[in-house]
Structure formats: structure tokens, C-alpha cells
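Every number here is computed from the coordinates shown, using simple stated rules; none is lab data. Note that the structure is a prediction, hence the values are computed from the model and not measured. Positions of Cβ are generated from backbone atoms using ideal geometry, with glycine treated the same way; all protein chains shown enter the neighbour counts.
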Amino acid sequence: MTALMTDEEVIQRVLDHVENGSTDLGSDVWREPVENYRSQARFDLEMELFKRLPMVYCPSAALAQPGDYVARSLAGVPLLSVRGDDGIVRTFHNACRHRGMMLAEGDGNVRGGFVCPYHAWAYGLDGSLKNIAGKGGFPGVDVAEHGLKQVATEERGGLIFVTQKEPISAGALDLLPDLIESDQVVFEYTSFTDEANWKLLLETSMEGYHIKALHHKSFYPFGFDNLNVVETYGTNSRIVFPFKRIEKLRERPQSEWRAQGKLTYVNQLFPNTRLATLSNHYLLVILEPVTPSSSRWYIYRLRRPDADDTPEALERAKRDAAFLKDTGVIEDRAAACSIQSAMAGEGNEHFIFGRFETSAVHFHQHLEAHLDELEGLLDADHFGEVPSRTDASNRLRQHVNVLA
Ligand code: FES
Ligand SMILES: [Fe+2]
């Protein structure tokens, strides 16, 4: 587990930056080939990577009770996660073992298990096949062998992680701090598609260098332009967006400094998830790539457990949420879609990420390292010389350690 800076340390660093007119700086400028945003081959490789990493599937709070389920695609594969009577979350391929119909869509609760809509084969919350309707018509079909196909699932730090294939990077979750408390409540959920590559959409929250230009009327009246504290941990990063009212803390003793209401923490969880700690709620954003030029958003808004359980507290959380989505996030989405449209031309061979854009540089460095590693594995598989996954993971770890 990684120790990130404390609130007090972050606030001190922000106040120093305000005084000096500075911001955290990375060491590198990164040039990312535009082709990496539009190539189908690159997209396919990224999706293969998504199957071999522990990927955030949903928050624990979306599966609070036994029988609660969430069905969605991950790396293009329809999956179904459900909390069992034993409290354990399991994930299955969302495909009936008779003739393959999906057992559920969206989310809900099925305390008694899943019944296939096509011919009513029935499954338990643990994926086992409980009943074949008209069993006499299936001589030789062993019920015990026709449970749903399961994929690896881990519940950790308030999040559900799913790994579909043997992971390329052993221990990828080791560096992850506990990010949200387990007693969170989802108070809002939305999902929609944007016509932009998933990386373009993610990159919008990876730097504060665009606050004044893009968010002149939305975020800039409240926040600083190009003033961020950035920490990296493993493949992930945490970027701090301070509000101007943080300056009021200068008059207060350090022992009273609290981040809540004074800054936003945005954790970029490699590769496709962002978790923001806002004044009165958490925002969990998962971007599921659909094609190289379109992506599906899964957005969960969770209430902090320390929020008092009153209608006023819920109103405050909803106000937070509206402030973001009705203003600045629309501008971010529009920027990503604009870039996507412009990529139809030949205006750029590379996009340039500067020293203010550390979190994005970190993301691209790790994505490239992982895809290189994966390509090596796939080539070896192709020629029948499968290297041990442990060796590959160690090599990747060394690479990641150098970058971290
Ligand atoms: S496809 Fe599910 S019962 Fe037939
Ligand atoms: Fe933005």
C-alpha cells in the first residue's frame, strides 16, 4: 500500500505554489503518436491488456446486498457481477450455458438467482446451474458442469476489480491505498456514450493546465489555473485541484487544516478509471472503450460516510454533482470530442504532453510499457515459446519501478 501525502502536506504545498506562482512539474515532455488513438490494431491490443489487468468494474456500494448485480461489458466482453449470500462478489460471463443468451442487463437485485429469459434455465448467485427446464430433453447434460463461466474478482478498498485472463502484471493492486470507505452509498448513477477515444476523455482530468482557457466561466472562478500537486503511485496517480478559498487556511493553525471543501483529489487508476474526492461526495468514473472512436461512461456518485444522513446533506452532495456535470465536465467532453473530430485530418502526427501534464505522461508511459510487454507475450505465444508469466511480470515491474 502506498502512503500518499497527508492533507496538511498537500495544503502546504498548494499554498507555497500560490505564493510562488508555481505548480508541480514533471521531468519529461511526452509525444504520443496520434495513430495510437485511431488504430484498430492498437485498440485491439489495449482491449487485450484490459483483460489481463485487475480492472475497476464498479464500486462495492453498487453491490451492497446479496443478490445485487451489475451487468456491463468490460473490454467488450459482457460480464455479470453479483454479491452472493455468503457476501462474496463473483463475476461471470453473462451468457447462459444453454444457448448463450445474456442473463441480465443493467443492474438490480435477484435474491433468488438468475433465470434465463429464453428457456428459463436457472442459476444460483454462485453461478451454479440450479435447474434445467424440461430436464428430460437433455440426456447426458450434467448440471454440475454447466455453471456460469467465472472470472477472477477481488473486492478491495471499496471497489470491485475484475481480471478476465491471467494478469500480465502480478500484484498490480499492491500499491493501491484504500480509496473509499466500504459503507458508501450510491446516490446517483449514469451511463452514456461519447464519440471519442477513451484516452482523450480520460486525459481531460489529468492536468489543470486548461482550467482558465477551457473552464473560464465554470471552474476558473473557483479554482486556480495550472496549479496542481501531482503524486504517482505504481501505474496510478493522484492530482490535486485546489479551490481559491484554500487561501483562507493561511490564517488557521495547521492542526485545523482539512482538505474537504478546499481541494479536489482526483485519483487516476490505471488504465481507465478516475476517482475524485469532492467536497460532499465521491465521483467514480469508468470509461469502457467501445470502438477506437467511441467510449461508454459509467459514472457513480457516492456519498461520504461522514456526511450526516439528512436531506440537507444529500442536497449538498447533489449540488456538488450538478456543479461538475452541468458545467465543466460538459466542456471537457466537448474538448475530447473536438479532438476526435479533428483527428480525421492530418493536422498532427503526435500530441505533446508537457511538464504540467505529469499525470498524463505517467499514464502514457505505463500504457506503452504494458503494451510492449503484452506484445512480447503474444508474439511468444504465437511462436509457441511461452515465457513464464512470472518472468514477464518481473520485467514489467522493473520497468514500472524505473518509471514510478
Ligand atoms: S439460452 Fe438460456 S435457457 Fe436457453
Ligand atoms: Fe477540465
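Values computed for the structure shown
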quantity	calculated
From G87, G136, G127, G157, residue being free of Cβ contacts under 8 Å to residues at least 40 places away in the same chain, exposed (fewer than 13 other Cβ atoms within 10 Å of the Cβ) and on the phi > 0 side of the Ramachandran plot	G87
Enumerated strands (runs of 3 or more DSSP E) restricted to region 134-239, each holding at least 2 residues that are more than 30 Å from Q340 (Cβ to Cβ) and in contact with a Phe, Trp or Tyr (Cβ under 9 Å, 6 or more places away or on another chain)	150-156
Selection from region 61-77 of residues that are crowded, with 16+ Cβ neighbours inside 10 Å and either out of contact with any helix residue (DSSP H, G or I) (no Cβ under 6 Å at 6 or more places or on another chain) or of a type in the set (S, T, Y) (or both)	A61, A62, L63, P66, G67, D68, Y69, A71, R72, L74, V77
Filter result (outside any loop (DSSP other than H, G, I, E, B) and without any contact (Cβ under 8 Å) to a residue 40 or more places away in the chain) within region 240-256	F241, F243, K244, R245, K248, E251, S255, E256
Inter-residue pairs, beta-carbon under 6 Å, first farther than 13 Å from E346 by Cβ and in region 23-38, second of a type in the set (A, V, I, L, M), 6+ apart	T23/L227; D24/V229; D24/V230; G26/V361; D28/V361; W30/V361; R31/I352
Residues located in region 180-210, provided they are within 16 Å of ligand 2 (Cβ to nearest atom) and among the aliphatic types (A, V, I, L, M)	A196, L200, L201, L202, M206
Members of region 198-220 that are within 17 Å of Y37 (Cα to Cα) and out of contact with any strand residue (DSSP E or B) (no Cβ under 7 Å at 6 or more places or on another chain)	K199, L200, E203, T204
Residue that is free of Cβ contacts under 8 Å to residues at least 60 places away in the same chain and either of a type in the set (A, V, I, L, M) or outside any loop (DSSP other than H, G, I, E, B) (or both), where the choices are A322, A317, A276, A259	A322
